[in-house]
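Q: Got a structure here, written out as structure tokens. Questions coming.
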Amino acid sequence: MSAIPYRKLGNSNLSISPLGLGCWQFSKGSGLVGKYWSVIDQMDINEIIQVSLAGGINWFDTAEAYGKGKSEEALAEALIELGDQAEEALIATKWWPLFRTASSLTGTIDQRLKHLKGRAIDLYQIHQPLSFSGITEQMIEMAKLLDEGKIRTAGVSNFNAAQMSKAAGVMQDQGHFIVSNQVKYSLLDRRIERNGVMDAAKNLGITIIAYSPLEQGILSGKFHKNPELLKQLKGPRKHLSGFKKNGLMRTKPLIDLLEKYAMEYEVQPSQIALNWLVRFHGDTVVAIPGAPKVRHAEENITAMNFTLTQKQMDELDRVSNEAVG
């Protein structure tokens, strides 16, 4: 079995591992979105980051909205604590645009850098397309940050095909690139293959960063094996259709296939799902599974250390499409 090699982040000169680490869970319970996760001790965060780096993951995705900067601070503290081990680690973070104008991109960048405690912003993303300013204005401000050396690359998140293409065009006029679009994508959510986002990304040389790549844990198969776990769900997850009886029945054939391949490769079903995600579309898709515990970080690493065959990926493609309808 051979490891999946690093790939370029869009049209940049940055090389990234096929899996990064999503850091939403490091929000320390702060803010509205931070309450989605239980509070993780900083020492545990440090170990999760250390294990991820040691296993070949070289980039970490956080955001201003994750705990009002608490996730950025926790990530930076862990990287500083690790010293030379984390010297080459890359950081992706995001600007929150709601109820703001584009000038906030440049006006708040020093706050982001302060939260990151001197670490560079390797990828700066617009978290979603809704603000008081249009895409053109946002991209002009983003280009200023690139020109000033405040950030290394620029990306977007939750942009549809038309929005992403417009952003890419404006940035090109400014002499820069949009290198990524972070969107929801998994074996159970394949909308970007049908709504033009995937095709536009490939045509523009933009990397797709897949969030929720395991569908909040559904693709682990644990809820299919033990439905009693559903009673332990808290927060928004318990209301999602995928966790209902009909949803679990609909996705069972896919889970069965994931488990079949998991036995063959001596891994977990979730690792098969991640391996498919970052290989089926070549180098276009990378993913950012979270890791609230060290064992989750170890599972993420293992997902990069084998390669499914084309036949296996095609079979997962077929069964997945039947499951999502």
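Q: How many residues are β-branched (V, I, T) and either farther than 26 Å from L14 by Cβ or free of Cβ contacts under 8 Å to residues at least 60 places away in the same chain (or both) when one looks only at segment 193-219?
A: Total satisfying the criteria: 2.
Q: Somewhere in segment 191-207, is a residue closer than 14 Å to Q128 by Cα and not aromatic (F, W, Y)?
A: no
Q: Only one residue in A143, A74 is surrounded by 22 or more Cβ atoms within 10 Å (Cβ to Cβ) and aliphatic (A, V, I, L, M). Which one?
A: Only one candidate passes the filter, namely A74.
Q: Right, next: Out of Q125, Q138, report the one residue that is under 16 Å from the mean Cα position of the chain (by Cα) and of a type outside the set (A, V, I, L, M).
A: Unique residue meeting the criteria: Q125.
Q: Only one of these is touching a Phe, Trp or Tyr at 6+ places or on another chain (Cβ under 7 Å), more than 16 Å from T153 (Cβ to Cβ) and polar (S, T, N, Q): S103, S52, S71, S131. Name it.
A: S71
Q: Out of (1) charged (D, E, K, R); (2) without any contact (Cβ under 8 Å) to a residue 24 or more places away in the chain; (3) closer than 21 Å to A287 by Cβ, what's the single condition that is false for D84?
A: (3)
Q: Let me ask something else about it. Could you tell me whether any residue of segment 118-133 is surrounded by 21 or more Cβ atoms within 10 Å (Cβ to Cβ) and of a type in the set (G, A, S)?
A: Checking segment 118-133: at least one residue is surrounded by 21 or more Cβ atoms within 10 Å (Cβ to Cβ) and of a type in the set (G, A, S).
Q: If you don't mind, there's one more thing I want to ask. I need the full set of residues from segment 270-325 which are assigned to a helix (DSSP H, G or I) and among the aromatic types (F, W, Y), in order please.
A: Selection gives W276 alone.
Q: Output the number of residues of segment 74-98 satisfying the condition of being touching a Phe, Trp or Tyr at 6+ places or on another chain (Cβ under 7 Å) and farther than 16 Å from G155 by Cα.
A: Total satisfying the criteria: 3.
Q: Continuing with this model, one more query. Using the structure shown, decide if R190 is touching a residue at least 60 places away in the same chain (Cβ under 8 Å) and more than 29 Å from A54 (Cα to Cα).
A: So R190 fits the description; yes.
Q: When the residues of segment 90-122 are filtered to those that are within 18 Å of M139 (Cβ to Cβ) and in contact (Cβ under 8 Å) with a residue 60 or more places away in the chain, which remaining residue is farthest from the chain's Cα centre (by Cα)?
A: Here the residue is K94.
Q: How many residues are of a type in the set (K, R) and either assigned to a helix (DSSP H, G or I) or touching a strand residue (DSSP E or B) at 6+ places or on another chain (Cβ under 7 Å) (or both) if we restrict to segment 160-218?
A: Result for segment 160-218: 4.
Q: If you go through segment 43-71, how many residues are farther than 18 Å from Q182 by Cβ, surrounded by fewer than 23 Cβ atoms within 10 Å (Cβ to Cβ) and among the polar types (S, T, N, Q)?
A: Result for segment 43-71: 2.
Since every read-out is calculated from the coordinates, none of them should be taken as a lab result. Fair warning: this is a prediction, and the values are worked out from it, not measured in the lab. When we count neighbours, we look across all protein chains shown, and the Cβ atoms used for this are built from the backbone with ideal geometry, even at glycine.
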